[in-house]
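Below you'll find the structure, written out as structure tokens, and then a few comments.
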Amino acid sequence: MDALDRVVKPKTKRAKRFLEKREPKLTENTKNAMLIKGGNANLTVTEVLKDIYAVKKPFAVLYKKKNITRPFEDQTSLEFFSKKSDCSLFLFGSHNKKRPNNLIIGRMFDYHVLDMIELGIEKFVSLKDVKNSKCPEGTKPMLIFAGDTFDLNEEYRRLKSLLIDFFRGPNVPNIRLAGLEYVLHFTAVDGKIYMRSYKVLLKKSGCKIPRIELEEMGPSLDLVMRRTHLASDDLYKLSLKQPKALKAKKKKNISHDVFGTAYGRIHMQKQDLGKLQTRKMKGLKKRPAEKSVEEDGGISPKKTKSA
């Protein structure tokens, strides 16, 4: 049995708090990513990992030492690092003659590799090369995907889901206009994926809504898809399953029309309209003869004919 697979009982309060943070929760924490260099990573791959780390901070872990591993052949080392650093996303960089400037992006499910996609770097512009102002650390980006390939091709559709998972950042309850200052744009065309980073500039427009301009910030990548390792449909469906406690309970006797108006059905007991309190008016008062008829059982006596 592996050392990380054993049931560990905490001996101190600090260790207990550490293990409680890693326990399964109804609402999971923000996904962390680990960035790993291969045994033969060159300068380009190293700079790419550093720039992606700068974009992902503080929800990322950068391993500076080289790790001799091949994720498509042996995934045990990735699963070990995932469990050690509590990261469900990874980016692995390597370089060799057969696959130069290579990146492998992937995600974990239950500390096992769910799916991963290999991308080749054809062109790279670093953050240092673009001499513009940068966004603050931890800024949540706005993600834009352009190209029909992201919707038509299954591999590109899974890549889109993976990129959203990797760059989405934390879930936020509210949004302010000044906080929308970082854009990540992905374009799929002619078998290539173009990644561009922009800073949003809010200019004066003479009205309430500001004029928006985009300024390239870096990093900039031209990528091409190589190998893929996708999860089966059953495993992918299992990874998307939500706990029952998070599912919204269906409300009975409530319906909505096409305009979104809510209608409710109310169930009431049968009412006796005879006992209904009405407005007291002289014209509605019962005469003494009517009262005596009701007391006698509702049968009025027949009048005798006079001779």
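What the table shows:
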quantity	calculated
Answer from Val125, Val113, Val130 - the residue that is open to solvent by less than 50 Å² (accessible area, probe 1.4 Å), in contact with a Leu (Cβ under 7 Å, 6 or more places away or on another chain) and β-branched (Val, Ile, Thr)	Val113
Residues of the stretch 249-275 classified as in a loop (DSSP other than H, G, I, E, B) and open to solvent by 100 Å² or more (accessible area, probe 1.4 Å), total	13
Residue count, the stretch 186-212 (criterion: among the hydrophobic types (A, V, I, L, M, F, W, C), surrounded by 15 or more Cβ atoms within 10 Å (Cβ to Cβ) and closer than 21 Å to Phe150 by Cα)	4
Residue check for Leu91: under 25 Å from Lys66 (Cα atoms) and in contact with a Pro (Cβ under 6 Å, 6 or more places away or on another chain)	no
Candidate set from the stretch 63-99 (those that are without any contact (Cβ under 8 Å) to a residue 40 or more places away in the chain and part of a loop (DSSP other than H, G, I, E, B)); member that is nearest to Val224 (Cα to Cα)	Lys98
Residue match in the stretch 14-27 (condition: at pLDDT 75 or above, touching a Ser or Thr at 6+ places or on another chain (Cβ under 9 Å) and of a type in the set (Gly, Ala, Ser))	no
Total residues in the stretch 158-210, condition in contact with a Leu (Cβ under 7 Å, 6 or more places away or on another chain) and hydrophobic (A, V, I, L, M, F, W, C)	9
Per-region count, the stretch 221-248, residues loosely packed, with under 10 Cβ neighbours inside 10 Å and touching a residue at least 40 places away in the same chain (Cβ under 8 Å)	2
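The rows are residues; the columns are (1) in a loop (DSSP other than H, G, I, E, B); (2) closer than 20 Å to Lys123 by Cα; (3) open to solvent by 40 Å² or more (accessible area, probe 1.4 Å).
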residue	(1), (2), (3)
Glu137	yes, no, yes
Lys140	yes, no, yes
Phe145	no, yes, yes
Asp151	no, no, yes
Arg157	no, no, yes
Leu162	no, no, no
Phe166	no, no, no
Leu184	no, yes, no
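The values are calculated or read from the model by the stated rules, or taken from the named source; none is laboratory data. All values reported here derive from a predicted model rather than from experimental measurement. Reconstructed Cβ throughout: ideal geometry from the backbone, glycine too, with neighbour counts over all protein chains shown. Only protein heavy atoms, including side chains, enter the accessible area calculation; ligands, DNA and RNA are left aside. Shrake-Rupley method; radii C 1.70, N 1.55, O 1.52, S 1.80 Å.
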